[in-house]
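This report refers to the structure that appears directly beneath it.
The values are calculated or read from the model by the stated rules, or taken from the named source; none is laboratory data. In this text, all values refer to a predicted model and were calculated from it rather than measured experimentally. Cβ: placed from backbone, ideal geometry, glycine included. Neighbour counts: every protein chain shown.
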């Protein structure tokens with residue numbers, strides 16, 4: 001092993017675990033800077049993504065939409081794909097959701113009624129195979145809560161709780177409905193990354 | 001004296017303790033920095049079972065019948081107050097088979113005051129798996145130091161059972177483990193031959209597998225128990241069957257009691273720190289660390305997101321370029337370069353685009369294909385609906401995949417998109433397809449990097465080190481022809497201080513490494529012209545001419561037949577070489593023809609066997625057997641041995657050539673894409689028998705990733 005490499009590793013690894021998230025939060029813009037500048041210029045729709053487990057928050061911009069899937073990106077081109085406010089993919093977070101089938105999640109959540117749905121997640125297993133994990137999730141409406149949507153403005157939104165189970169473990173999602181739409185949503189797919197809290201800005 | 005060579009791919013090889021230390025440093029980094037928050041639901045507790053001071057799953061000095069979780073790679077270091085130090089590297093080869101390599105130090109072991117630096121191997125097989133709910137204990141049979149000097153040699157049969165927080169083992173040992181309170185060998189009832197244990201001949205026996213001593217001689221019983229006090233702390237108590245006779249005689253060790261006591265503190269689930277009082281007279285510390293090769297620091301990597309699938313350029317935009325057959329090329333080239341892919345040629349025929357590429361960044365070939373397809377969807381006219389992507393490696397056409405716009409649009413966000421893409425890709429061998437590449441864009445490249453070269457196992461100074469700068473350059477005047485060289489200048493170091501000369505009675509084909517290290521001027525590590533080509537389907541060929549490696553120059557030719565849909569591959573390599581002068585610019589008188597017929601067999605689940613039969617550098621004929629476990633992410637652990645017609649006596653210390661190889665992609669640690677690998681070959685000792693050329697770019701390894709991609713491996717990254 002070359003010494004330089006070790007030095008690079010020694011100096012470069014201190015924040016290794018934060019790398020993906022930092023990329024998300026705006027590291028050096030190393031990929032397609034023109035796209036980002038363009039999006040800012042046209043005032044593309046924005047979304048705030050918070051990662052409480054990592055203590056990070058970032059604004060991402062809508063970079064494109066195709067077949068009902070919205071592609072959001074941060075300044076350094078970490079990406080998030082949503083379909084009807086459900087995360088169906090991420091790119092660049094270190095333990096990405098490669099693909100997901102949220103089933104009837106949106107319909108049940110928006111109905112404001114209790115229900116049960118199935119979610120299927122695909123993540124890389126460390127050996128570049130996709131590990132499929134399916135969850136059965138119970139959806140139950142909760143109380144109304146204030147959701148802050150800008151520095152000065154909050155709205156009262158209905159919280160919908162979603163508890164997902166699988167033989168290998170589970171997680172909890174939460175969604176906030178405002179005027180029949182999902183205004184804010186907390187979704188998990190990787191215990192390593194923890195929940196992602198998405199706030200769709202009007 | 002050990003040696004390090006660096007191949008073109010950046011693979012670093014070395015051997016011995018320093019190599020272990022370097023790797024250990026990397027792995028410590030990996031463990032500390034890379035894997036802190038793995039899923040509770042997925043992360044395996046690797047060191048739920050502790051390891052003994054000998055580096056195998058066990059108690060303090062005594063072994064247990066337990067195994068580590070499959071694939072676990074672990075290290076231990078155990079300094080002791082009685083001037084005995086041990087360090088080991090252990091690998092759970094299969095769910096039941098555990099192997100370890102150990103480096104031990106015993107101060108003033110020899111009569112003349114010299115200390116012992118000992119390299120030894122252990123193997124253990126779990127015959128019965130424990131029934132956690134019933135009565136059945138785990139049962140294992142083990143060989144300790146079966147191929148080293150035999151100083152720590154022992155065999156044992158041990159049963160282990162957990163009772164709530166207590167794990168207890170009882171066993172019978174032979175050799176070192178049959179030396180305290182021993183009794184006549186029970187196997188003696190079967191045959192008288194088991195009663196005596198032939199004396200070890202010490203150094204003269206080094207390296208031979210001591211079949212004639214296995215389970216021979218007196219036996220003794222040992223008992224051990226660990227009590228898990230709480231989640232992290234455990235206490236150990238054992239009754240050892242090791243009388244420490246050798247240590248008592250040679251270094252004045254006092255064996256006051258067979259009872260050993262220890263405590264052990266678990267650091268997360270990948271580390272343990274322990275302390276023990278041994279035989280009433282010594283205090284030892286013990287640190288253990290484990291990693292899971294199957295789990296890299298970032299399973300999906302930290303690289304930026306891919307470009308999106310786009311509808312392509314409108315008719316108007318395409319028309320503005322004029323001729324659609326040439327104009328988009330510069331644009332596509334730039335867009336692909338941003339994705340770590342070099343464009344070698346672009347040719348549009350009606351609605352089909354033929355694209356020749358070289359993957360310059362991605363460890364998983366499928367990912368380079370996925371990124372290429374998406375770039376094409378955006379940067380080619382919308383009317384181009386079929387993409388035929390052909391990948392190249394060292395200018396050899398490798399595979400062609402075909403995907404349509406409709407496929408990409410349908411699958412980009414599909415939950416099973418990766419699987420569907422692989423099914424639809426129609427992967428073919430590209431060897432016979434017409435070449436549509438243009439001239440090379442950048443035929444010359446170079447880089448300057450520091451290097452470090454260790455030397456070790458010299459009893460005068462077990463660790464030596466050189467540090468310097470290495471300049472490598474590569475020139476490709478025509479397709480397939482690669483002229484490259486590597487020049488090193490040592491800046492500081494002490495490898496040249498080695499004074500011991502080789503006592504080998506064979507031609508000194510490897511054992512004069514210290515003479516090569518004495519040169520202070522720049523040293524040309526290699527300077528070769530290599531030609532790569534595909535003679536036919538499933539065939540690969542290479543010819544190399546020049547200074548092939550640090551010690552040899554000449555001509556090397558290789559052909560490989562490796563169908564991706566079969567588990568086997570066959571290779572033939574023939575070399576005519578002359579030994580290079582110690583100063584690196586001329587040749588010595590030694591000339592030889594060396595070469596091998598190689599067969600590889602993929603046993604499935606990542607295990608691969610290889611047999612190389614042929615003539616070695618010293619003119620000896622024989623075979624090398626290699627078994628490698630390769631994880632899906634490219635992490636490899638292997639072991640090999642070579643037997644030739646050189647007798648054990650003529651071979652000298654070690655008896656025959658053998659070793660362990662470890663190789664991992666740097667991506668495994670860093671989480672960033674790249675094709676560089678770090679690795680090391682650990683040989684207990686490097687002699688002249690069974691020695692092979694250290695060639696860069698051997699075809700099997702060079703072409704493996706492409707073949708793996710053709711059979712669907714690592715396609716989980718296609719959409720990453």
Exercise. Take residue A:4 and decide whether it is within 12 Å of another protein chain (Cβ to nearest Cβ), more than 13 Å from the chain's Cα centre (by Cα) and either at negative phi or modelled with pLDDT under 90 (or both).
Key: yes
Quiz item: When only residues in region A:93-136 that are more than 11 Å from chain B (Cβ to nearest Cβ) and in contact (Cβ under 8 Å) with a residue 60 or more places away in the chain count, which is nearest to residue B:296 (Cα to Cα)?
Solution: A:106
Quiz item: Any idea which of (1) at pLDDT 90 or above; (2) buried (at least 18 other Cβ atoms within 10 Å of the Cβ); (3) within 13 Å of chain B (Cβ to nearest Cβ) is the one residue A:19 doesn't satisfy?
Solution: (1)
Practice problem: Kindly indicate whether any position in region A:167-177 is in a strand (DSSP E or B), within 14 Å of chain B (Cβ to nearest Cβ) and out of contact with any helix residue (DSSP H, G or I) (no Cβ under 9 Å at 6 or more places or on another chain). | Solution: yes
Self-check item: Meets criteria (outside any strand (DSSP E or B) and more than 11 Å from chain B (Cβ to nearest Cβ)) for residue A:147
Solution: no
Quiz item: Which residues, counting only those in region A:126-144, are out of contact with any helix residue (DSSP H, G or I) (no Cβ under 8 Å at 6 or more places or on another chain) and in a strand (DSSP E or B)?
Solution: A:131, A:132, A:133, A:134, A:135, A:136, A:138, A:140, A:141, A:142, A:143, A:144
Quiz item: Looking at region B:458-477, which of its residues are touching a helix residue (DSSP H, G or I) at 6+ places or on another chain (Cβ under 7 Å) and surrounded by 19 or more Cβ atoms within 10 Å (Cβ to Cβ)?
Solution: B:464, B:466
Quiz item: Within the bounds of region B:510-522, is there any residue that is under 19 Å from residue B:698 (Cβ atoms) and assigned by TED's automatic domain parsing to the domain that holds residue B:578?
Solution: yes
Exercise. From B:489, B:519, grab the single residue that is touching a residue at least 12 places away in the same chain (Cβ under 8 Å) and assigned to a strand (DSSP E or B).
Key: B:489
Quiz item: Is there a residue in region B:638-645 that is within 19 Å of residue B:509 (Cα to Cα), away from chain A (no Cβ under 14 Å), out of contact with any strand residue (DSSP E or B) (no Cβ under 8 Å at 6 or more places or on another chain) and touching a residue at least 12 places away in the same chain (Cβ under 8 Å)?
Solution: no
Quiz prompt | Matching residues in region B:691-720 - criterion: being within 30 Å of residue B:508 (Cβ to Cβ) and part of a loop (DSSP other than H, G, I, E, B) | solution = B:691, B:692, B:693, B:694, B:695, B:696, B:697, B:698
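Per-residue answers, yes or no, for (1) under 28 Å from residue B:221 (Cβ atoms); (2) within 14 Å of another protein chain (Cβ to nearest Cβ); (3) modelled with pLDDT under 90:
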position	(1), (2), (3)
B:46	no, yes, yes
B:57	yes, no, no
B:66	yes, no, no
B:76	yes, no, no
B:84	yes, no, no
B:87	no, no, no
B:90	yes, no, no
Quiz item: Residues B:485, B:455, B:521, B:480: which one is modelled with pLDDT under 95, touching a strand residue (DSSP E or B) at 6+ places or on another chain (Cβ under 7 Å) and surrounded by fewer than 19 Cβ atoms within 10 Å (Cβ to Cβ)?
Solution: B:480
Quiz item: Restricting to region A:93-125, what's the tally of residues that are assigned to a helix (DSSP H, G or I) and surrounded by fewer than 24 Cβ atoms within 10 Å (Cβ to Cβ)?
Solution: 5
Quiz item: Considering region B:121-142 alone, what residues qualify as being in a loop (DSSP other than H, G, I, E, B), surrounded by 15 or more Cβ atoms within 10 Å (Cβ to Cβ) and without any contact (Cβ under 8 Å) to a residue 60 or more places away in the chain?
Solution: B:129
Quiz item: Which of the residues spanning region B:218-271 are more than 22 Å from residue B:65 (Cα to Cα) and in a loop (DSSP other than H, G, I, E, B)?
Solution: B:230, B:244, B:252, B:253, B:254, B:255, B:256, B:257, B:268
Quiz prompt | Whichever residue in region B:652-674 is part of a loop (DSSP other than H, G, I, E, B) and within 14 Å of another protein chain (Cβ to nearest Cβ) and, among such residues, is surrounded by the most Cβ atoms within 10 Å (Cβ to Cβ) | solution = B:671
Practice problem: Pick out the one residue from B:118, B:145 that is more than 30 Å from residue B:228 (Cα to Cα), at pLDDT 85 or above and surrounded by 14 or more Cβ atoms within 10 Å (Cβ to Cβ). | Solution: B:118
Self-check item: region A:59-82, residues that are within 7 Å of another protein chain (Cβ to nearest Cβ), closer than 21 Å to residue A:194 by Cα and in contact with a strand residue (DSSP E or B) (Cβ under 9 Å, 6 or more places away or on another chain)
Solution: A:71, A:73, A:77, A:78, A:79, A:81
Exercise. Report yes if some residue within region B:502-513 is touching a helix residue (DSSP H, G or I) at 6+ places or on another chain (Cβ under 8 Å), surrounded by 16 or more Cβ atoms within 10 Å (Cβ to Cβ) and farther than 26 Å from residue B:618 by Cα; otherwise report no.
Key: no
Exercise. Exactly one condition in (1) at pLDDT 90 or above; (2) in contact with a helix residue (DSSP H, G or I) (Cβ under 6 Å, 6 or more places away or on another chain); (3) surrounded by fewer than 20 Cβ atoms within 10 Å (Cβ to Cβ) is not met by residue B:166; state its number.
Key: (2)
Self-check item: Test: residue in region B:399-416 that is part of a strand (DSSP E or B) and in contact (Cβ under 8 Å) with a residue 40 or more places away in the chain
Solution: yes
